[in-house]
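One structure below.
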Amino acid sequence: MKVRSDSFDANARIPAAFAYGVPDAVHHVRAGANRNPHLAWDEVPAGTRSFAVVCCDPDVPRTGSDVNIEGRTVPEELPRNDFYHLVLFDIPADVRQIAAGSLQSTPGKPGPATPHNARYGLNDFSSAKMDHYGYDGPCPPWNDQRIHHYVFTVSALDVEQLPLQRAVTGEQLRQAMSGHVLGQADLVGTYTLNSALSSN
């Protein structure tokens, strides 16, 4: 399989239009347009009955004691965790792309129907107080010394629907897909809110 985007090039910076947080000269960060980027895939394996798409940032600090604190930095070598920005599954087998801006963020409610009658899971902006479905884009700590990588993974599955409830997490989706993946492809984009790294 291959996956590409009309919104950004592989291993290049994701444009601010597709970010949850964008740089601000006074407050370091402010709300962005938060649109999902375009994605398209091809060279699909025979027997594919559905697709799943996730976006995961593996560079999120494991501890937050220094995150977004004036006068401090988040060291590049700090241990990191996965953070899911999009969990989408049961995409019909005849679909080959997702339009930019079509996966609305829906904090606090399951939200609008997904394109192509697919199903959203929870992204990791969710908390005990509020669930987040759909796409929420990059918003790394503005004082992080590491440039974050956003891995968009499209998986071709041998089942039409996965036996999952709506409030499924990214890790739960990956567990449910185990043994059903016929093919998989990644597209990686980068993003930072650290002005000292923004030229990289």
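Where the second residue is charged (D, E, K, R) and part of a strand (DSSP E or B) and the first is more than 19 Å from HIS38 (Cα to Cα) and lies in the stretch 145-160, which pairs have Cβ atoms under 7 Å and are six or more apart or on separate chains?
These pairs meet every condition: ARG146/ASP59; HIS148/ASP57; HIS148/ASP59.
Residues to consider are ASP94, ASP90, ASP59; find the one that is touching a residue at least 12 places away in the same chain (Cβ under 8 Å), at negative phi and of a type in the set (Asp, Glu).
ASP59
Every residue, every condition in (1) closer than 20 Å to SER7 by Cα; (2) part of a strand (DSSP E or B); (3) within 16 Å of the chain's Cα centre (by Cα), yes or no:
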site: TYR150; (1), (2), (3): yes, yes, yes
site: ALA156; (1), (2), (3): no, yes, no
site: PRO163; (1), (2), (3): no, no, no
site: ARG166; (1), (2), (3): no, no, no
site: ALA176; (1), (2), (3): no, no, no
site: ASP186; (1), (2), (3): yes, yes, yes
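Listed residues ALA33, ALA10, ALA46, ALA40; which is part of a loop (DSSP other than H, G, I, E, B), on the phi < 0 side of the Ramachandran plot, surrounded by 13 or more Cβ atoms within 10 Å (Cβ to Cβ) and among the aliphatic types (A, V, I, L, M)?
ALA33
If I ask for residues that are within 20 Å of SER102 (Cα to Cα), hydroxyl-bearing (Ser, Thr, Tyr) and out of contact with any helix residue (DSSP H, G or I) (no Cβ under 9 Å at 6 or more places or on another chain), which ones from the stretch 1-52 would you list?
Selection gives SER5, TYR20, SER50.
What is the residue count in the stretch 41-86 for residues that are over 16 Å from CYS139 (Cα atoms), in contact with a Gly (Cβ under 7 Å, 6 or more places away or on another chain) and of a type outside the set (A, V, I, L, M, F, W, C)?
Residues meeting the conditions: 1.
Every read-out reported here was derived from the displayed coordinates using simple, explicitly stated rules and does not represent laboratory data. Everything numeric in this text was worked out from a predicted model, so none of it was measured. Please note: Cβ atoms are built from the backbone with ideal geometry, for glycine as well, and neighbour counts cover all protein chains shown.
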